Number of protein chains: 2
Amino acid sequence: MASWLSIPAKSHFSLANIPFGIISAKGSSTKVPATAIGEYALDLSTFARGQGFSQLAAIQPHLDVFSQTTLNDFAALGRPIHRQVREYLQSVFKADTPFPSLLKDNESLRSSALIPLSAVTNHLPLQIGDYTDFYAGLNHAYNVGVLFRGPDNALQPNYKHLPVGYHGRASSVVPSGTPIVRPSGQILANPTATPKVPLFSPCKRLDIELELAAFVSTENKLGQPVSVDEAEDHIFGLVLMNDWSARDIQAWEYVPLGPFNAKNFATTISPWVVLVDALEPFKAQGLEPGNRDSLLPYLKEKRPDNSYNINLEFDLKHAGSETSTRISTTNATNLLFSFPQMLAHHTITGCNLRTGDLLGSGTISGKEPGSQGSLLEHTNGGKEPITLADGTTKRTFLEDGDEVTLRAVAGSVDGAYVGFGECVGRIERAVEFAFNS
Amino acid sequence: MASWLSIPAKSHFSLANIPFGIISAKGSSTKVPATAIGEYALDLSTFARGQGFSQLAAIQPHLDVFSQTTLNDFAALGRPIHRQVREYLQSVFKADTPFPSLLKDNESLRSSALIPLSAVTNHLPLQIGDYTDFYAGLNHAYNVGVLFRGPDNALQPNYKHLPVGYHGRASSVVPSGTPIVRPSGQILANPTATPKVPLFSPCKRLDIELELAAFVSTENKLGQPVSVDEAEDHIFGLVLMNDWSARDIQAWEYVPLGPFNAKNFATTISPWVVLVDALEPFKAQGLEPGNRDSLLPYLKEKRPDNSYNINLEFDLKHAGSETSTRISTTNATNLLFSFPQMLAHHTITGCNLRTGDLLGSGTISGKEPGSQGSLLEHTNGGKEPITLADGTTKRTFLEDGDEVTLRAVAGSVDGAYVGFGECVGRIERAVEFAFNS
């Protein structure tokens, strides 16, 4: 699909994408909904005020969703409306648009509503009520299980029967670019010594987790589960997520109730929400399709290919360096459960999901070297350092000044990529405590 | 302190209390802030409009907090304002009020602003951002640890070094009186059989957890921990909490990331927030004060008595019965960590707390028979049934139609109790699933 707007062939934001986010023009504090297209953001507030949506009847009663500072109201409208808005914006931007007067030939609206991406600041796309993180990356769960419990007990008996998950911290979910202060907390200087006596320290094993995450669109009421085959219609779209993890704090605190301080200091997401409809052509089978037959009925999907063929990667750049090092490349098919399965499982007890709730996939790792979604796995628990691109700098875990960039993109045809852009965070030094000197 | 209003001697809402909540008059959908006093609620929206606050200069710039549908804006004003509003309302209601014309002798305002508690509906007092549940009830953690892992490993090595906690589910926190639908999920028919294969079933081991919980007033910014000695000033007040728990779902799902579906279906809180200043006279030492000396500095409090002498109890009434059975009585001093310690630990990594966040204490159990805060402990893991007051009905876990009532009160002098009222929930039968027949 060609556009009258010049869109780079490798752009994540081709006409096949049309993701949604919240932006402000640099120097302004006014947040507005937007879509990303090529190297531009289309300010949907200005576009709506300029009659841009005048040829889409379905959105007329709901135009106020584009004058909000979050996408929650838009998301709550439900998938049929999201689909129509996306297809309408594609028709507005395509080379042979049936509505040239709306934007293509409307120089005034183009100059006010189309803003170069380099001139916008991205914000959290939705106000997040609850954030849940699943653990559906089978290879990650196995790799971490081996490190914590050995190969014989790497996966717990429940692992293949249900999408294991835990409640995460919503307040500290931040948009790409937000600096990450190294957390401090209780760690064991020598994990094998007895008795176990912790010390207080800045985290020494600060890690990343490469994940995808789904935003909830329409809510379900308390006491009313969502069936697995209806679950996808409750998903607005996906973002990239880096679930920063303090491995030394985690190892000490996590029994018996799971990770808490090891994860609550920050979780970074990419700012553009890629709609489930934009990802539909990239549906693919996840791991162990045979496992699906043995699932309990509430997790059995009609379609067997509810994972996505999305390529994922993450880079590391250390302070003072201009060169990034590619650490890992992997693919989102490395999940044992699909997002609809996670959502159905989440609600099977009657738990209510609300618009803006965020569901993380769990860390996505492949089986091959160089495809692990965390440094913990990549360095075999910190025992095998990575050499960065300069040939001399070594890393096991993150050091102050390190910048981590996640990327994800679906598709293989120039001009038709459906990508997530970047999810970036840079480590700042720990808070200094008076009692820590 | 005597009042011109007739307040029953045993009332939880004496003049020494002045808790805050959100009410609507029965038959109305308008939610307003209120305080409870004796057998009445004072509608603070109507009181403010009727010049009731005219003699309190400090609140004048903030009167709009009393026309909101949650207490978040009031809570965010901070402890010095809460203290002044409470003391002012005490002066308005005391027998020798210096302001008789405001309410005592103002029949018009009295008739519009004072509503019998029997004629109001209570709502969630604050909009909850994140809900965290701690595990600071040492006796409970020990009792449950014995059941799950045996007496030698009952408490994990970290337990006495930090307030263990986990992120809970905010969306399903409901006010007292909300019906609780029995959750369904994956359970093991025979936990000791191998291989472990779950079945889908309504929960058969539905339990309660008797807790206190603190609402956060003023926020801290991401990356900026709150010190333990400043932490109490970030707490608005306390409520009673019943953290309903599906023990069979929990036992199967909780490794390695903690409870999820076993807790996410509902958590009930009492509707009136008792200010930390109202509880100040009831400060008391918690468990194992000697343990405090060995804590890391960030958890060491200047004052050693930051627990509360609050009496707690819970009753059970089965369907068709008019008689409640007292199951347990205990006291809030049965906590190893104080709320300020929990809050300081929560933020030590830089995690940001927001106004309206809720921090649960963990289940509060004594050591003696009849003082356990859950049925799991009370019935020794379901092996020793309780006989209810009718002399014939037995209970291990909750059955459909059972109504559980939690109560809590501080003080021992008639006319001066500081109580929480009741926290009630009744079990409704599970959802019927087509595939479950």
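The values are calculated or read from the model by the stated rules, or taken from the named source; none is laboratory data. Keep in mind that what you see is a predicted model, and the values were worked out from it rather than measured. Note that we place each Cβ from the backbone using ideal geometry, even for glycine, and neighbour counts take in every protein chain shown. In case anyone asks, the SASA skips ligands and DNA or RNA and just uses the protein heavy atoms, side chains included. Shrake-Rupley method; radii C 1.70, N 1.55, O 1.52, S 1.80 Å.
Worth a mention:
- Buried accessible surface for the B/A pair, both sides summed and rounded to the nearest 100, is 5800 Å² with a 1.4 Å probe.
- Summary of the geometry: the range B:152-181 and the range A:1-66, compared by the centres of their Cα atoms, lie 43 Å apart.
- Cross-link pairs exceeding 18 Å between alpha carbons, from the set B:LYS283/B:LYS367; B:LYS10/B:LYS317; A:LYS300/A:LYS367; A:LYS160/A:LYS300: B:LYS283/B:LYS367; B:LYS10/B:LYS317; A:LYS300/A:LYS367.
- Whole-Hz couplings from phi, Karplus 6.51/-1.76/1.60, listed for the range A:13-22; x for Gly and Pro: 10, 6, 5, 6, 9, 6, x, 10, x, 10
- Here the spin labels are modelled as points 7 Å beyond Cα on the Cα-Cβ line, and at B:ASP152 and B:ASP229 they lie 4.4 nm apart.
- Heavy-atom accessible surface of the protein assembly as shown, averaged per residue, reaches 35 Å², computed with a 1.4 Å probe.
- Extension gain, A:GLU322-A:LYS204: 0.36 nm per intervening residue step, less the Cα-Cα distance, totals 40.0 nm.
- Just so you know, the Rg over Rh for the range B:129-231 is 1.03, from Cα atoms, with Rh as the Kirkwood radius.
- Whole-angstrom gap from the range A:284-361 to the range B:196-220, using each part's C-alpha centre: 26
- Scaling against 2.2 N^0.38 Å puts the C-alpha radius of gyration of the range A:20-123 at 1.00.
- Hypothetical label at B:LEU295: residues of the range B:138-173 whose amide nitrogen lies under 12 Å (7 Å Cα-Cβ projection): B:160-164
- For peptide A:350-356, the mean count of partner chain Cβ atoms within 10 Å of a residue's Cβ comes to 5.
- Across the range B:181-196, the residues whose backbone nitrogen lies under 16 Å from the label position 7 Å along the beta-carbon direction of A:LYS221 are B:181-182.
- The range A:316-437 pair-distance distribution - Cα-Cα, 5 Å bins, rounded %: 2, 8, 13, 16, 16, 14, 13, 9, 5, 2, 1, 0
- Between identical copies, the spacing of B:GLU87 label points, each set 7 Å from Cα toward the C-beta atom, reads 6.6 nm from nearest to farthest.
- Descending principal axes extents, the range B:213-363, alpha-carbon based, whole Å: 52, 38, 31
- When each full DSSP H helix of chain B is screened for a Cα extent of at least 15 Å along its own axis and an average Kyte-Doolittle hydropathy of at least 0.0, the helices passing are B:138-149.
- Ascending list, in nanometres, of distances separating the A:PHE435 label from those of the other copies (7 Å, Cα toward Cβ): 5.1
- Here the spin labels are modelled as points 7 Å beyond Cα on the Cα-Cβ line, and at B:ASP414 and A:TRP4 they lie 8.6 nm apart.
- Under 19 Å of direct C-alpha separation, and excluding same-chain neighbours fewer than eight residues apart, A:LYS302 reaches these aspartates and glutamates: A:ASP229, A:GLU230, A:GLU232, A:ASP233, A:ASP277, A:GLU280, A:GLU288, A:ASP293.
- Look at the alpha carbon pairs under 8 Å that are at least 6 residues apart: their mean separation over the length of chain B gives a relative contact order of 22 percent.
- Across identical copies of the chain, B:LYS394 has label-point separations of 6.5 nm, listed in ascending order, with the point defined 7 angstrom from Cα along Cα→Cβ.
- In chain A, the sites counted are chymotrypsin sites (Phe, Trp or Tyr not before Pro) in DSSP loop states with at most 15 other Cβ atoms within 10 Å, and the longest stretch holding none of them, exclusive of the sites, is A:5-432.
- Rh (Kirkwood; distinct C-alpha pairs) - the protein assembly as shown, Å: 28.6
- Over 21 Å (Cα to Cα) - which of A:LYS31/A:LYS221; A:LYS31/A:LYS263; A:LYS263/B:LYS204; A:LYS263/B:LYS221 fall in this group: A:LYS31/A:LYS221; A:LYS31/A:LYS263; A:LYS263/B:LYS204
- If the Kirkwood radius is taken over C-alpha pairs of the range A:154-301, then at 4 °C and 1.567 mPa s the Stokes-Einstein diffusion coefficient equals 71 µm²/s.
- Reduced Cα scattering model of the range A:131-436, Debye log10 I(q)/I(0), q = 0.11, 0.14 Å⁻¹: -0.66, -1.07
- Residue of A:ILE386, A:ILE269, A:ILE180 that the Gaussian network model of chain A assigns the largest fluctuation, springs spanning Cα pairs under 10 Å: A:ILE386
- For A:THR30 and A:GLU384, the difference between the fully extended length at 0.36 nm per residue and the C-alpha to C-alpha distance is 122.7 nm.
- Within chain A, helix-based [θ] at 222 nm, where runs of 4 or more DSSP H residues each add -39,500 (n - 2.57), nearest 500: -4000 deg cm²/dmol
- Nearest-to-axis residue of chain A, judged by beta-carbon position, where the axis maps A onto B, in Å: A:GLY258, 1
- For residues of B:119-129, the mean tally of beta carbons on other chains within 10 Å: 1
- Karplus-based coupling profile of the range B:40-49, in residue order and whole Hz: 10, 10, 9, 6, 6, 5, 5, 4, 5, 5, with θ = phi - 60° in 6.51 cos²θ - 1.76 cosθ + 1.60 and x standing for Gly or Pro.
- Label-point separation in nm, A:ARG49 to B:ARG49, each point 7 Å along Cα→Cβ: 3.4
- Take each residue of peptide A:184-190, count the partner chain Cβ atoms within 10 Å of its Cβ, and average: the result is 3.
- Alpha-carbon centroids, the range B:224-263 and the range B:68-130: separation in whole Å: 29
- Within the shell of other residues whose beta carbon sits under 14 angstrom from the beta carbon of B:SER176, the net charge comes to -3, with Lys and Arg scored +1 and Asp and Glu -1.
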